[in-house]
């Protein structure tokens, strides 16, 4: 029976590449995002289905998983938003709400609904960040959101690591990634390629090891 994966934030960048790679690995992929992904993912309708969904809206998340309505083997929590700047002068209430609503609440909403469709031996993967392990200068709110997901993934993994559930939870913490979100970053040329993250995801899914936290650092110095 074909394995089924759900990937959030699939319309471009890392999420698009994750969906594409999992399709190549033989998964049927449900992609959740606010904007429609490239036509390439739709080339073979028997391997991919896009569902329009703003994960920061709990009602949209619930409706999306009701539409999926089948077992899920893999959930990749990839969707997120990145903002950087001086907290005192740059971050408005609107920017703060956007980051927390999407990166934290949205990820938790998705995980809650996905678990209703997951059986023993399934995987939940969080695309986190080094900002979820360190206190990153100019990234106060983003770091706060990623630290929250680090705690959530760790606690959830402990809950699900039982004979009753046997669902593996892995948190992947890359450094900077070469995506459109990081286009203005001065060190973007030293960032990770998306294939380094997709390779890690496939390794986790094919391994019997019980991972918790995986760190991937780009060729820059993080403080």
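FYI, it's all coordinate maths here, none of it is from the lab. Bear in mind the structure is a predicted one, so any value in this text is a computation, not a measurement. We place every Cβ from the backbone using ideal geometry, glycine too, and count neighbours over all the protein chains shown.
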- Note on the structure: Highest GNM mean-square fluctuation among 118, 136, 164, for the chain with Cα springs under 10 Å, belongs to 164
- Per-residue Cβ contact counts at 10 Å, fewest first, order 66, 196 as 66, 196
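Classify region 54-115 as rounded, prolate or oblate, taking a ≥ b ≥ c as the square roots of the eigenvalues of its Cα gyration tensor: rounded when a/c is under 1.5, otherwise prolate if a/b is larger than b/c and oblate if not. Write down the numbers at each step before the final one.
Values: a/c = 4.18, a/b = 2.55, b/c = 1.64.
Verdict is prolate for region 54-115.
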- For residue 70 and residue 165, compute 0.36 nm times the residue count separating them, minus their Cα-Cα distance, and round to one decimal in nm. 32.4 nm
- Item | Distance (nanometres) between label positions extended 7 Å along Cα→Cβ at residue 135 and residue 151 | 1.5 nm
- Message: At 0.36 nm per residue, and after removing the present C-alpha to C-alpha distance, how many nm does the segment from residue 93 to residue 112 gain when stretched out fully?
- Response: 4.2 nm
- Please build a GNM for the chain, connecting alpha carbons under 10 Å apart, and tell me which residue among 89, 129, 58 fluctuates the most. 89
- Task: Only helical DSSP H runs with n ≥ 4 go in: add -39500 (n - 2.57) per run for the chain, normalise by residue count and round the 222 nm mean residue ellipticity to 500 deg cm²/dmol.
- Result: -10500 deg cm²/dmol
- Which angle between 0 and 90 degrees, to the nearest 10, do you get for helix 194-206 versus the longest principal axis of the chain when only C-alpha atoms count? 40 degrees
- Item | Entry for P(r) over Cα pairs in 10 Å bins from 0, in percent (calculated from the structure that is shown) out of (i) 8, 30, 31, 22, 9, 1; (ii) 8, 30, 31, 17, 10, 4, 0; (iii) 8, 35, 39, 16, 2, 0 | (iii)
- Item | Spacing of the two label points (7 Å from each Cα toward its C-beta) at residue 52 and residue 193, in nm | 3.5 nm
